[in-house]
1. State to the nearest 20 debye the size of the charge dipole of the chain about its Cα centre, where the only charges are +1 on K and R beta carbons and -1 on D and E beta carbons.
2. Relative to the longest principal Cα axis of the chain, at what angle does helix 111-123 sit, 0 to 90 degrees, rounded to 10?
3. Under 10 Å, Cα contacts only: if you run a Gaussian network model on the chain, which one of ARG113, ARG155, ARG74 comes out with the highest mean-square fluctuation?
4. Among LEU153, LEU12, LEU32, which one shows the highest mean-square fluctuation when the chain is modelled as a Gaussian network with alpha-carbon springs under 10 Å?
5. Give me a comma-separated list of calculated 3J(HN,Hα) values for region 61-78, in order, Karplus coefficients 6.51, -1.76, 1.60 applied at θ = phi - 60°, integers in Hz, x for any Gly or Pro.
6. So, how do all the Cα-to-Cα distances of region 20-73 break down into 5 Å bins, in percent, from 0 on up?
7. Would you work out what percent of the accessible area of the chain, with all protein chains in place, is carbon or sulfur (probe 1.4 Å)?
8. With a 1.4 Å probe and every protein chain left in place, work out the accessible area per residue of the chain in Å², rounded to a whole number.
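The values are calculated or read from the model by the stated rules, or taken from the named source; none is laboratory data. Just so it is clear, the model here is predicted, and its values are computed rather than measured. Here the Cβ positions follow ideal geometry from the backbone for every residue, glycine too, while neighbour counts run over all protein chains shown. To get the accessible areas, we keep the full protein, side chains included, count just its heavy atoms, and leave off ligands, DNA and RNA. Shrake-Rupley method; radii C 1.70, N 1.55, O 1.52, S 1.80 Å.
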Amino acid sequence: MSRIPTWLVAGLTLVIGFALARSTGVRALGGLVLLAGVGWCLVREARATPWWRLGVVVVAGAVCFVASHVLADRVGAWPSVLLCSAALAAVAALLVGWRRRPVQASGRPGWGRRTTEWLLTYVGPAQIGDPGRPVRAATADERAREAELRSTLVREVGPDGTPYLVERPD
């Protein structure tokens, strides 16, 4: 059961609930299927997904449920259910369906990490030099300047949490 994607269950819940309600004539059975599907998805994803993403998927499910009723008059019952089910599955796939892949066997980061690092060269924090080059060792002058600063200044944190440097008391 763990191999079944959550987005698939979320999408099929609308279809199965509608089919059961339509075939039996008892709409409450369709509602029970919807509640069971929502419960299953929430229990399955509770640990792995932030609460706000789960909330967005639940709200999207409610919107799709209402939209399927509204669209049924225009496009027909089954097409509206299938369309809204696909929309719910897409939302669930985007918000809870994708898992972080482990680092590749070669030890090389995946395409997402490489893309992020490339973008950081243009939109990331300000820095001097090329981030792809190895870090050079500090010169003797730089080490002496840092030692002087550390011996004369101390880092303090103000009441608002802002750090600043003051002269070291003698």
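1. That gives a dipole near 960 debye.
2. Relative to the chain, helix 111-123 is tipped by roughly 50 degrees.
3. Comparing ARG113, ARG155, ARG74 in the GNM, the peak value goes to ARG155.
4. Its mean-square fluctuation being the largest, the pick is LEU153.
5. Each residue of region 61-78 in turn: x, 5, 5, 5, 4, 5, 5, 5, 5, 5, 6, 4, 5, 8, 10, x, 5, 5 Hz.
6. Binned Cα distances yield the sequence 4, 18, 20, 24, 16, 10, 6, 2.
7. Roughly 64 percent, rounded to a whole number.
8. 78
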